[in-house]
Structure formats: C-alpha cells, structure tokens
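Just so it is clear, none of the values below were taken in a lab; they were calculated from the coordinates. Keep in mind that this is a model prediction, so the values were computed, not measured. No Cβ is skipped: glycine too gets one built from the backbone with ideal geometry, and neighbour counts run over all protein chains shown.
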Amino acid sequence: AARAGCAACGCSGSGGAGAGCAACGCGGGAASMAFVGAGAGAYTTETTYKYVGLGAGEFDYIAPKPGFPWLPILGLLALIVVIIVVIILLIPSTTTTTPAPTGPPKSCLIWGDPHFETFDGAFPSNFEEGEFWIVKSKMVFIQGRYLATPYTNGLSATNAIAVGGPFMRGHTVVVGPMNNGQILFDGQPALTHFPDSMDVDGIHLSYNGEGKVVDSAQGHLDKHIVHMDLPLGVHIQVMRWANHINVRITMAPRVGGQDGDCGNFNEIANDDTIGHRVAANECIFHHMTPIRPSPDHSIDECKKEHTTKYHMALKTCGASEADLDHEGPHKDCVFDVCWAGPQYAAQDSMMA
C-alpha cells in the first residue's frame, strides 16, 4: 500500500523522489504514517522535521529557577518584631519622676571644722575625717570631704564638696580649696580663669568674687566664690579659702524626704543627725579618704588649758560665756578660734 501511494505521487518504490512526490512528503526525511480515513487507503505517508541545530543541538532543557521565599522571610521578620516589642515592654522603665516640692526653699550653711546650720535650724558639728553625705535624696546627691588642716590641731574642716545624682543629668561637680584643690566638671578641670563661667545641660556655674560680707570689718578679705545654679532650683555657693571651703546650699524639700549632715528638712531641728558616711560604691569623689581618729577637743578644754586663747576667742567672736550654753554660731566661732586660730572667725562671719 505504501509503494502504491508513492507511485500515485510519481515516486519510485525504491525510495527515490520526484518533484511531484516531494509534495507528498516522500522525498528526503523520515516518513510516518497518518490515518486519513476510508477512501484513498487507510493510511498515507506524512513527513515531519525536527531542528536539532549544529552538533548535538543548540537548545537544552533548563529547570526553572524557584521563586524567592517571601512568605517565610516575612513571617520570620514579623516574629522578630514581636519579640523585640515584648522585651521592651518587660524592661523596667528608667524614667525618673521628679518629686514635687513640699515646702519653700531654705538654706543649709557649712563652715569651719565643719559646723552646720541645717535646713531645720539645728547646729551640729562633725570633727571626723572622711566622705560624708551632706544631702541625700532621690534626686539630689551632695557629699562633703572633711580633712584636718595644718591649722586645726587635727580637727577636720570641709576640704571639698561633690555634687551629682539624677538631677544633674549624668554630670558631677567637685570644688576644693585654693591651695590643694580644684574645680572639676565631670572629672575635668573647669572654671580655670577668674572670673569665669560655663553652661552645660541646664547647669550654670560661675566663679567670681561676688558674695555678701555680713561683717563689714572683714571686707578686706579676698573672696573666690563658686556659684552653682542647678536644676530643681538648687543653688550652691562655695567660698574657697586656702585650706578649706565654706558652703551654702539653698533648695526646697521634696516628696520622699532627704537626709545627710544638713538635716532631714522636716521642720524639726531636734531629729537632725550628723555623721552620715558615704559608702565606697556611692562616692562621687574619685577616691575615698583613709579614716583616721579625730582628737576630742572642747571649749572647756580650751578654757582650762589655754585661758588666754579662750578669752581672745570670746572677744574675737563677740560672744559671752552665756552664748556657750547653747548651740549656735557664737559657740562654733569660739571653738574654731580656740583650736584653729582667729582667721576662722573672719572667714566664718561671711557665712552668717
């Protein structure tokens, strides 16, 4: 049947192809049989071609690249965000709420060996050496370093003051005496000229000779005063002398209370106590002072063993023996003149 089909197209049965037979698909390529239905034979020949290019073919099968896994990555990112939010919610808040004031501002004075007039009007003294809390509250940290001087017969005087705490926004100020102390801000020398001033983060410091002299007879003394205008309305005035400092602190009491050598600021003088030592891990100063025992001097001892000096002290301080029966500036002045010298009477008078 196949040969008959080729003959019908003019092709030879041996596989040769004429021009007419090529149209039937008999010439050249491989032949295949296709069903054409009843009539002209059940099958007829049909030629197909497949391009394979040069050599083994120009085209090859390449597996399709998988798509980018967006959904798993987006899910992982969402999980990470949720974890971060949970951690933030679980971390305790470090926001510090400023306690409200509970009364008007008052002043605490520190002078001499050192003596105090507390915010509540008490007059304690601290003759020991070391670092002590002057003011300790939730927001305000003020510490004092008390050291003996060459002129105080082993008794301490206020050698330096350090200010820090949350209200200082991470900053600290340290002020020492003229001869062996410095003015430091965040541990670095500050106010190195006279006069001088600086402003940092709402903290204003100035260094000048401006200060009230209560006794006009002492107006000849040179004054070197550091003024600190600090947040929360805290103002500190430091009078720098050769070997010690005198300090005036003005501030308002606040919710939560406070303590320290300047008293607890509760309007009750009788419960103010002295001698609040600073722990090493709370010290604002760069180092702690070795603690040495302090001598136990008294006005009575001065009166018995140094009669001339005792009477000179009464005269220098404008005090009577009746003034020595109660705590106050006159008694403190007599003590200082007896055991430290008359220069303390002049310096102490500026703090009145």
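Here are a few things to note about the model shown:
- Amide hydrogen neighbours beyond the local backbone of ASN264, cut-off 5 Å, H modeled: THR273
- Mean Cβ neighbour count within 10 Å, used as a protection proxy, ranking 324-335, 80-91 highest first: 324-335, 80-91
- Over 20 Å (Cα to Cα) - which of LYS106/LYS136; LYS303/LYS331; LYS223/LYS331; LYS304/LYS331 fall in this group: LYS223/LYS331
- Highest average packing first - 69-79, 108-118, 246-256, Cβ atoms within 10 Å: 108-118, 246-256, 69-79
- Taking a straight line from the alpha carbon of LYS315, these aspartates and glutamates sit under 14 Å away, with near neighbours fewer than eight places off in the same chain left out: ASP323, ASP332, ASP336.
- Share of pairwise Cα-Cα distances greater than 11 Å in the range 219-267 is 74 percent (whole percent).
- Mean projected area (nm²) of the alpha-carbon convex hull when the range 164-315 is viewed from all directions: 12.4 nm²
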